[in-house]
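Structure first, then comments.
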Amino acid sequence: AYKEVEKNVDLKKVDVGQSIVLRNIFFDLNKYTLRDESEKELMRLTKLLNENPSLKIEISGHTDSRGSAAYNKELSKNRAKAVVDYLVEKGISKDRLEFAGYGEEQPINTDAEISKLKRRSAIEDAHQENRRTEFKILEN
């Protein structure tokens with residue numbers, strides 16, 4: 001049976017300087033080509049930018065600590081650039097977008113925290129959390 005329900009949902013205001021993790025952006029190991037599974041998340045980000053034309057953001061790439069720091073920094077920069085390139089291809093002005101690769105410099109889980117974990121799956125999950133793409137609000 002059909003039943004109409006009205007529900008008020010409080011939206012959280014996003015402040016300048018705030019970073020949001022994009023949970024569903026995927027890259028293959030040691031690559032910076034966006035995987036097809038990233039499409040839904042990228043479309044949501046495109047929609048957000050289209051609905052908020054004054055919004056300027058920085059896309060940032062992050063890695064875990066495995067591999068050299070220089071390699072990780074370059075890989076993360078190229079991954080962030082791949083997201084920016086996608087957004088530009090979808091019509092978002094390049095003037096509203098910046099990208100940066102932070103490599104392993106801003107971990108969610110430090111190596112010291114990870115070394116205390118016992119289960120292999122927990123260790124992998126902790127490294128996975130560090131391998132992420134975020135966007136930060138620069139102007140609203």
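The values are calculated or read from the model by the stated rules, or taken from the named source; none is laboratory data. Owing to the predicted nature of the structure, the values given are computational and were not obtained by experimental measurement. Glycine also receives a Cβ, built like all others from the backbone with ideal geometry; neighbour counts cover every protein chain displayed. To get the accessible areas, we keep the full protein, side chains included, count just its heavy atoms, and leave off ligands, DNA and RNA. Shrake-Rupley method; radii C 1.70, N 1.55, O 1.52, S 1.80 Å.
Worth pointing out:
- Y71 contributes about 100 Å² of solvent-accessible surface, heavy atoms of the protein only, 1.4 Å probe.
- By average C-beta atoms within 10 angstrom, highest first, the peptides 108-120, 127-139: 127-139, 108-120
- Rounded to whole numbers, the Karplus 3J(HN,Hα) couplings from phi for the stretch 61-67 are x, 9, 10, 7, 8, 7, x Hz, using 6.51 cos²θ - 1.76 cosθ + 1.60 with θ = phi - 60°, and x at Gly and Pro.
- Most tightly packed first, judged by the mean number of other beta-carbon atoms within 10 Å of their residues, the peptides 46-53, 92-99 read 92-99, 46-53.
- Listed by chain and number, the aspartates and glutamates whose C-alpha is less than 14 Å from the C-alpha of K136, apart from same-chain residues fewer than 8 away, are D15, E58, E98.
- Inter-probe distance in nm under a simple model that places probes 7 Å from Cα toward Cβ, at I20 and R44: 0.9
- Normalised by the number of residues in the chain, the mean separation of alpha-carbon contacts (under 8 Å, six or more apart) gives a relative contact order of 35 percent.
- Just the protein heavy atoms count here, and of the accessible area of the stretch 6-114 at 1.4 Å, carbon and sulfur take up 50 percent.
- Of all DSSP-defined beta bridges confined to the chain, some 65% are antiparallel rather than parallel.
- Rounded to whole numbers, the Karplus 3J(HN,Hα) couplings from phi for the stretch 69-81 are 4, 5, 4, 4, 5, 5, 4, 5, 5, 5, 5, 5, 5 Hz, using 6.51 cos²θ - 1.76 cosθ + 1.60 with θ = phi - 60°, and x at Gly and Pro.
- The local environment of D85, defined by Cβ-Cβ distances under 12 Å, has a net charge of +3 under the rule Lys, Arg +1 and Asp, Glu -1.
- Alpha carbon Rg of the stretch 41-140, scaled by the compact-globule rule 2.2 N^0.38 Å: 1.21
- Spacing of the two label points (7 Å from each Cα toward its C-beta) at A122 and A100, in nm: 3.3
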